[in-house]
Amino acid sequence: MSPTITRIEVDSFTYPVEGARLKPAVRKLVYAPGETHERTAHGIRIHTDVGVTGEYIGGNGPGLAQIDMCARSLLGENPLDRERHWASMRQGLRKYDQMGLGMLDIALWDFAGRHVDAPIHQLLGTYRERLPAYASTYFANPEDGLDSPAAFADFAETCLEYGYPGFKTHTWCGETDIEREQALIRAVGERVGDRMRLMHDPVSKYETFADALAVGTVCDEYDYFWYEDPYSDGGRSQHGHQNLRQRLDTPLLLTELVRGLEPTTDFVVNGATDFARADPEWDGGITGAMKIARAAEGLGVDIEYHLAGPAQRHCMAATRNTNFYELGLVHPESKRPHTEYPVYQGGYTDRIDAIDDDGTVPVPTGPGLGVEYDWEYVEANRIDRRVYD
């Protein structure tokens, strides 16, 4: 007898990020000793008539609104029919960014793994069980420990001592100073460039093509592994990035800021990026992220998964054509990354010291996502509850 979805619960809750502050003008989280920033996450539980529940914690406000639009369509359905559900929900959310689809899809994959008592990466097809990681920094901020090119170079050396094989810098908050950006690239490159893979990510900060090119040419000088989302089109212009790619030796990594399979594939096919990018929460769940990974593989390019989390680990474990697990965002004075929810039980963590001596993190081995959530914490800090039955 096939399982049937009987009820879906979504609990929104708050949690503190200690030592952090959101800069409203730029909407970026920066390190702020002694301060606490309150964030909101969403816990999804998909209940079935076989006593197995699919779970996922993460998400954002737009995603929550989209869950509200399509969750009821899953009631009475077989939770194992993920491909059909994915296509149906994607159609229903075609006018939106489809982040709600990602959260529901991951919970359905968690159900599938728990149902057959296997981790998700085995259902996908395991390629590896340890993931090489790179340290991905907080945004630079004049008021904290990452306040100069030299400070970034010092932190890169610290991460090298931890055992990281790679290190990625983010740009400064506030007004952009291209000479300072170039100095950052040089400082890190001169300090550890011959011992680590280096990346730079302005997160679409540079206002002109000329500024993006000026920073990219310095990445060329130090053989950077990639240069990510450089200028302020929001990472969307294939024509602009094709032009940039033709003028640089450093590979470009785009598509974090475009959503889904087809736009990402178009970027690769049209020569506008060297690497593909996917996020299992932002790009239609594990189903969507793996479609991007397989498309990239067929086109002979690598895919890099965005940020850290259990879903990212399972996707990367089942992907041959990928290089690094992004552990971040991290800071020299704070071991806990801003992306880690305080709800994991059983030892799962994405702290800066999570890597082993070989610079890798393990893939969860338990059923489904392989993590257990502290639902008592969620309920104690709940600010909203939505039930679909």
- Note on the structure: Along the range 249-265, Karplus-curve 3J(HN,Hα) (6.51, -1.76, 1.60; θ = phi - 60°) to the nearest Hz, with x for Gly and Pro, reads 8, 5, x, 8, 10, 10, 5, 4, 9, 10, 10, x, 5, 5, x, 5, 4
- Message: List the aspartates and glutamates whose Cα sits under 12 Å from the Cα of K23, skipping any in the same chain fewer than 8 residues away.
- Response: E143
- Share of pairwise Cα separations in the range 342-389, more than 13 Å, in percent: 68
- Query: Ignoring ligands, DNA and RNA, what percent of the accessible area of the chain is carbon or sulfur (1.4 Å)?
  - Reply: 44
- Which three extents, in whole angstrom, do the alpha-carbon atoms of the range 63-170 cover along their principal axes, largest first? 57, 33, 17
- Which trypsin sites (Lys or Arg not before Pro) from the range 86-122 combine a DSSP loop assignment with at most 11 other Cβ atoms within 10 Å? R94, K95
- Message: Angle check, please: helix 285-298 long axis (alpha carbons) against the longest principal axis of the chain (alpha carbons), in degrees 0 to 90, nearest 10.
- Response: 50
- Message: Give me the 1.4 Å probe accessible area per residue for the range 107-249, excluding ligands and nucleic acids, in Å².
- Response: 39
- Accessible area per residue, Å², the range 263-313 with all protein chains present, probe 1.4 Å: 24
- Simple Cβ-charge dipole of the chain, Lys/Arg +1 and Asp/Glu -1, about Cα centre, in debye nearest 20: 1080
- Query: Size of the dipole of the range 313-389 about the Cα centre, Lys and Arg at +1 and Asp and Glu at -1 on the beta carbon, nothing else charged, in debye to 20?
  - Reply: 240
- What base-10 log of the normalised intensity I(q)/I(0) is obtained for the chain from the Debye formula, alpha carbons as equal point scatterers, at q = 0.10, 0.14 Å⁻¹? -0.63, -1.26
- Tilt of helix 209-221 relative to the longest C-alpha principal axis of the chain, in degrees (0 to 90, nearest 10)? 80
- Rounded to 10°, Cα long-axis angle of helix 61-70 versus longest principal axis of the chain: 30
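The values are calculated or read from the model by the stated rules, or taken from the named source; none is laboratory data. Computed from a predicted model, the values in this text were never measured in an experiment. Heads up, the Cβs are rebuilt from the backbone with ideal geometry, glycines too, and the neighbour counts pull from every protein chain shown. These accessible areas exclude ligands, DNA and RNA; they are computed on the full protein's heavy atoms, side chains included. Shrake-Rupley method; radii C 1.70, N 1.55, O 1.52, S 1.80 Å.
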